[in-house]
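This report concerns only the one structure given below.
The values are calculated or read from the model by the stated rules, or taken from the named source; none is laboratory data. Quick caveat: nothing in here was measured; it's all calculated off a predicted structure. Cβ sites come from the backbone with ideal geometry, for glycine too, and all protein chains shown count toward neighbours.
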Amino acid sequence: MSNRRDFMGMALGSFAALGALGALYAAKRTWDPLPSVKSAGFTTIDLSPAKENELVTEKWRGKPIFILKQPADAPKSDREIHVAGGRYLVVVGLCTHLGCIPAYLADKKQFKCACHGGEFNSVGVNTFGPPPRPLDIPPFKISGTSLILGETGPEYEKMLAAGLTLKV
Amino acid sequence: MAHFDEKAKPFSHKWLNERMAVDTVKKVLSTEYWIPKDINFLWAMGMILAATFGILIISGIFLLMYYQPDVKTAFDSVNYTIMSEVGYGWLWRHIHGVAASVVFLVIYIHMFTGIYYGSYKRGREMIWLSGMLLFVLFSAEAFSGYMLPWGQMSYWAGMVITNLFEGFSPTIAGGVANFPGFVEWLRGDYVPGQAFLTRFFMLHVFLLPLAIIAVIVLHFATLRLPHVNNQKGKEIDFEEAAKQYKHGNKKESKVIPFNPVFLSKDVFVMGVYFILFFYLVFFHFEFAMDPVNFDPADGLKTPAHIYPEWYFLWSYEILRPFNKDLGLIAFGFAQVAFFLLPFLDKSPVVAPANKRGLFKVWFWVMIVDMIVLTVMGKLPPEGIWTIIGLVAALVFITLFAVLPFITKKEKKA
């Protein structure tokens, strides 16, 4: 008798658990970003109009993208992107601490975040405060004088492999 | 089978009693639910919270009739439609905003009363834990509600708080505690957007209120057997005292029934409270309406200074002075510290803090520290403020670390 009851209990329990797992998976998938949100994640930006030491802000996946043409006399950094003879810093303009937008202080050649006081130098490396890492470089592919953000080209792959940025 | 009187009139007292035992229910939940006499106005905070929650629900229902959870129209539906077109729409909004802020003030008073009188231990642990669960749910409710007007503070608070769920830096332990994909999953987008707004809208108007109501019922249930504490922390023989009261020795008995005797006192305190509450609603609602949130959300512009509402400032200030990973640990600690109170307090003594030796010092240092953290959280993270904030955060952590040691030594008075 007890064996039959145990069997019934286990059968009921297993089916209920299976159903619960299925429902949980469906719930998880419902919270996922929609395909339309994911597929809208590509942006082409022309770098040629950028001026030296003057911050340009573009938008990619809803996030601000900072483009900063480095002055000719600025020290070289492997975080720069070389396009048509110019050296550019292209980063996601969100502080790597908690995601506020840092301001660029052109006279100090420095980014400063007002939220928690974090600072970054002109190639986006964190120099002060709570940010744990340099500003992230978005995935890019060079095409003439433009960058296609969201696609990955060999230059980006190299930076990623060298650990200069995280995948965003 | 139970006995049913055929002659009982439908819905008469007798008829209902036979079907639902209304007399027994009434006794257990109200007329023979005994409350100690030796209490003060601080014991009315629970009912004030219940009443304020009721006001939040009623004002929320009216706001819900015109609010539009769409990133393009949300801001205007609140700031234009509800505020200037809907008849008395401003009233519901100001009641809702003021109540959301004041409810936390009363929660803190309720909490610190419990800590001061030792009402979290010796049979009252479940009251404390369910109460802390309510605090977390109210915090989630407040945060999700803050997203809805879709102003600059909504957007950037949403950005900063969801970013906390990214976890620790990828460099820590090979990135096992780093979940960047989780943040996008939570938002349903790369940044807070339409999916984010609609899901927080759902949480705010349905799932969280439902959970809050369920936990309020649990909170009441945990209170029924241990009964409320009293001003001296005395153990009362409730059966004996109840017998005395029922025999007419009301003066000698140490207890009174919840209804109508205690409730009448509750209602008086509530009256005083609502005078203050409606004074704020009609004349000083602006303290609950951050001016920065009257700019529409803009993902390309961070406000110069981001700070949470006053009731989150202390835990925000514990996060702020550290680097990202330490800050996350400190912040996580601040969230669970109060949950642990019944287990960190090793003393069996239930008495007011002022009668408990070192615990008295502990209690008042904790109160002052929370106030310092709150003030520092509002000030910009510069110069001396950063240092005071760091010291206050370290004091908070130390307080909970030393509590078991200072209470272990406590002698039974």
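Here B:Ile367 passes the criteria (1) within 14 Å of chain A (Cβ to nearest Cβ); (2) of a type outside the set (Asp, Glu); (3) under 24 Å from the mean Cα position of the chain (by Cα) except the one numbered (1).
None of B:Leu164, B:Leu203, B:Leu223, B:Leu197 is under 17 Å from B:Gly131 (Cβ atoms) and touching a residue at least 24 places away in the same chain (Cβ under 8 Å) except B:Leu223. Criterion applied to B:Thr386, B:Thr374, B:Thr407 was being in contact with a Lys or Arg (Cβ under 6 Å, 6 or more places away or on another chain), assigned to a helix (DSSP H, G or I) and not small (Gly, Ala, Ser), and the one residue passing it is B:Thr407.
Being surrounded by 15 or more Cβ atoms within 10 Å (Cβ to Cβ), at pLDDT below 95 and in contact with a helix residue (DSSP H, G or I) (Cβ under 6 Å, 6 or more places away or on another chain): is that true of B:Ala99 here? If you could, list the steps in order and put the result at the bottom.
Working: surrounded by 15 or more Cβ atoms within 10 Å (Cβ to Cβ): yes; at pLDDT below 95: no; in contact with a helix residue (DSSP H, G or I) (Cβ under 6 Å, 6 or more places away or on another chain): yes.
Against the criterion (surrounded by 15 or more Cβ atoms within 10 Å (Cβ to Cβ), at pLDDT below 95 and in contact with a helix residue (DSSP H, G or I) (Cβ under 6 Å, 6 or more places away or on another chain)), B:Ala99 does not qualify.
Enumerate the helices (runs of 4 or more DSSP H) found wholly within region B:10-104, keeping only those where 1 or more residues are more than 27 Å from the chain's Cα centre (by Cα).
Values: elements: B:13-20, B:22-26, B:45-64.
Result: B:13-20, B:22-26.
Every residue in region A:89-100 that is within 11 Å of chain B (Cβ to nearest Cβ) and either polar (S, T, N, Q) or part of a strand (DSSP E or B) (or both), please. Steps first, please.
Pass one, region A:89-100, residues within 11 Å of chain B (Cβ to nearest Cβ): A:92-100.
A:Val92, A:Thr96, listed by residue number.
Residues that are hydrophobic (A, V, I, L, M, F, W, C) and within 14 Å of chain B (Cβ to nearest Cβ) were ranked within region A:64-88; the one that is surrounded by the most Cβ atoms within 10 Å (Cβ to Cβ) is A:Ile65. For region B:161-179, a residue qualifies if it is in a helix (DSSP H, G or I) and at the interface with another protein chain (Cβ under 8 Å from one of its Cβ atoms), and the qualifying residues are B:Asn163, B:Leu164. Residues in region A:21-44 that are of a type in the set (A, V, I, L, M), at pLDDT 90 or above and not in a helix (DSSP H, G or I): 1 in all.
Could you look through region A:38-63, keep only residues that are among the polar types (S, T, N, Q) and more than 10 Å from chain B (Cβ to nearest Cβ), and pick out the one that is farthest from B:Asp189 (Cα to Cα)? Reasoning before the result, please.
Residues of region A:38-63 among the polar types (S, T, N, Q): A:39, A:43-44, A:48, A:53, A:57.
If we keep only those that are more than 10 Å from chain B (Cβ to nearest Cβ) too, we end up with A:39, A:43-44, A:48, A:53.
Details: A:Ser39: 11, A:Thr43: 16, A:Thr44: 20, A:Ser48: 30, A:Asn53: 32 Å.
Out of the qualifying residues, it is A:Asn53.
B:Gly158 meets each of the listed conditions (1) within 12 Å of chain A (Cβ to nearest Cβ); (2) within 23 Å of B:Val103 (Cβ to Cβ); (3) of a type outside the set (A, V, I, L, M); (4) over 24 Å from the mean Cα position of the chain (by Cα) apart from (4).
Being of a type in the set (Ser, Thr, Tyr) and loosely packed, with under 15 Cβ neighbours inside 10 Å: is that true of B:Thr398 here?
Working: of a type in the set (Ser, Thr, Tyr): yes; loosely packed, with under 15 Cβ neighbours inside 10 Å: yes.
The answer is yes for B:Thr398.
Scanning region B:291-344 for residues that are more than 14 Å from chain A (Cβ to nearest Cβ) and of a type in the set (Val, Ile, Thr) yields a single hit, B:Val336.
Scanning region B:362-371 for residues that are out of contact with any Phe, Trp or Tyr (no Cβ under 9 Å at 6 or more places or on another chain) and touching a residue at least 12 places away in the same chain (Cβ under 8 Å), which turns out surrounded by the most Cβ atoms within 10 Å (Cβ to Cβ)?
Here is the first cut: in region B:362-371, the residues out of contact with any Phe, Trp or Tyr (no Cβ under 9 Å at 6 or more places or on another chain) are B:362, B:364-365, B:368.
Subsequent filtering for residues that are touching a residue at least 12 places away in the same chain (Cβ under 8 Å) retains B:362, B:365.
Working: B:Trp362: 20, B:Val365: 14.
Per the stated criteria, the residue is B:Trp362.
Within region B:186-197, which residues are in a helix (DSSP H, G or I), crowded, with 17+ Cβ neighbours inside 10 Å and touching an Asp or Glu at 6+ places or on another chain (Cβ under 8 Å)? Scanning region B:186-197 gives B:Ala195, B:Phe196, B:Leu197.
Across region A:123-168, the qualifying residues are those that are within 14 Å of chain B (Cβ to nearest Cβ) and hydroxyl-bearing (Ser, Thr, Tyr), and the one among them that is surrounded by the most Cβ atoms within 10 Å (Cβ to Cβ) is A:Thr165.
Assess whether A:Lys108 counts as being basic (Lys, Arg) and within 11 Å of chain B (Cβ to nearest Cβ). Answer is no for this residue. Inspection of region B:228-248 identifies no residue that is within 12 Å of another protein chain (Cβ to nearest Cβ), over 30 Å from B:Gly54 (Cβ atoms) and acidic (Asp, Glu). Out of B:Thr73, B:Thr52, one residue alone is β-branched (Val, Ile, Thr) and under 27 Å from B:Val217 (Cβ atoms). It is B:Thr52.
Search region B:181-194 for residues being at the interface with chain A (Cβ under 7 Å from one of its Cβ atoms) and closer than 14 Å to A:Trp31 by Cβ, and hand back the single one that is farthest from the chain's Cα centre (by Cα). Ranking the qualifying residues of region B:181-194, first place goes to B:Asp189. Out of B:Phe282, B:Phe277, B:Phe287, which single residue is away from chain A (no Cβ under 14 Å), at pLDDT 90 or above, within 30 Å of B:Ile95 (Cα to Cα) and buried (at least 16 other Cβ atoms within 10 Å of the Cβ)? Result of the check over B:Phe282, B:Phe277, B:Phe287: B:Phe277.
So is B:Val361 among the β-branched types (Val, Ile, Thr), over 30 Å from B:Lys26 (Cα atoms) and away from chain A (no Cβ under 14 Å) or not? Taking the combined requirement at face value, the residue satisfies it.
Pairs are defined by a Cβ separation below 8 Å, a sequence spacing of at least 6 or placement on different chains, a first member in region B:300-311 that is touching a residue at least 24 places away in the same chain (Cβ under 8 Å), and a second member that is among the acidic types (Asp, Glu) and part of a loop (DSSP other than H, G, I, E, B); the pairs so defined are B:Pro303/B:Asp295; B:Glu309/B:Asp290.
Take the conditions (1) surrounded by fewer than 20 Cβ atoms within 10 Å (Cβ to Cβ); (2) over 30 Å from B:Trp150 (Cα atoms); (3) more than 10 Å from every other protein chain (Cβ to nearest Cβ); (4) over 18 Å from the mean Cα position of the chain (by Cα); B:Ser347 misses just one of them, which is (1).
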